[in-house]
Amino acid sequence: GIQVEQSPPDLILQEGANSTLRCNFSDSVNNLQWFHQNPWGQLINLFYIPSGTKQNGRLSATTVATERYSLLYISSSQTTDSGVYFCAVGDYGQNFVFGPGTRLSVLP
Amino acid sequence: GAGVSQSPRYKVAKRGQDVALRCDPISGHVSLFWYQQALGQGPEFLTYFQNEAQLDKSGLPSDRFFAERPEGSVSTLKIQRTQQEDSAVYLCASGTDYGYTFGSGTRLTVV
């Protein structure tokens, strides 16, 4: 099955700093999503981005499907950005696989 | 409804007890997934439905786990004779080809 890797596994930032999270996947996909899991366990959908670039406020994401990677950018980080960021990929009608996640801690 | 609803939010079961976890997907969503998330881990796939058809159940860890979606909307995940290793958060997601939305999960603790 498809393999998903994420880096870095852990990241500690000072409030206001910028960061880039990476997701590599082993096969072509038609669905790629970035999620934020908050400290209460809720998975929040950040982006549906199987290709191209999207921006939403301080967050943006880019997927280069031909090279099988996606990047999540967080600018001017805030303490509320803390949590685990997951990349998940899949194909139509098939399993939707999660990466291991990046645990982000933003310090005040 | 506006989102994916799961119930109960928390469940404590004695070892050997049967449990049933419910998922109410977003109305009209064809796809429905169940995931198991152990503490400190990412969600692990259990099973996938397209309407009422269970297309993939390869992630179900044993024959004690059973899922159904008889009318293509509400789904139930049943775990028979629960064991301590079944303790986890069980997540349900529904969606279309343009992305999936997750419920808040059911935290199952087997004592």
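The values are calculated or read from the model by the stated rules, or taken from the named source; none is laboratory data. These numbers were taken from a predicted model, which means no experiment stands behind them. Every residue, glycine among them, receives a Cβ derived from its backbone with ideal geometry; neighbour counts consider all protein chains shown. Surface areas here come from the heavy atoms of the whole protein model, side chains and all, with no ligands, DNA or RNA. Shrake-Rupley method; radii C 1.70, N 1.55, O 1.52, S 1.80 Å.
At-a-glance table
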{"read-out": "Selection from segment A:97-108 of residues that are hydrophobic (A, V, I, L, M, F, W, C), more than 14 Å from chain B (Cβ to nearest Cβ) and open to solvent by less than 60 Å² (accessible area, probe 1.4 Å)", "value": "A:Leu104, A:Val106"}
{"read-out": "Given (1) under 28 Å from A:Pro39 (Cβ atoms); (2) crowded, with 21+ Cβ neighbours inside 10 Å; (3) within 11 Å of the chain's Cα centre (by Cα), number of the condition B:Gly95 does not satisfy", "value": "(3)"}
{"read-out": "Filter result (within 12 Å of B:Arg9 (Cα to Cα) and touching a Leu at 6+ places or on another chain (Cβ under 6 Å)) within segment B:89-111", "value": "B:Tyr90, B:Gly105, B:Thr106"}
{"read-out": "Spans of strands (runs of 3 or more DSSP E) in segment A:1-96 with at least 3 residues facing chain B (nearest Cβ under 9 Å), crowded, with 20+ Cβ neighbours inside 10 Å and of a type in the set (Asp, Glu)", "value": "none"}
{"read-out": "Hey, B:Leu60 surrounded by 14 or more Cβ atoms within 10 Å (Cβ to Cβ) and touching a helix residue (DSSP H, G or I) at 6+ places or on another chain (Cβ under 7 Å) or not", "value": "no"}
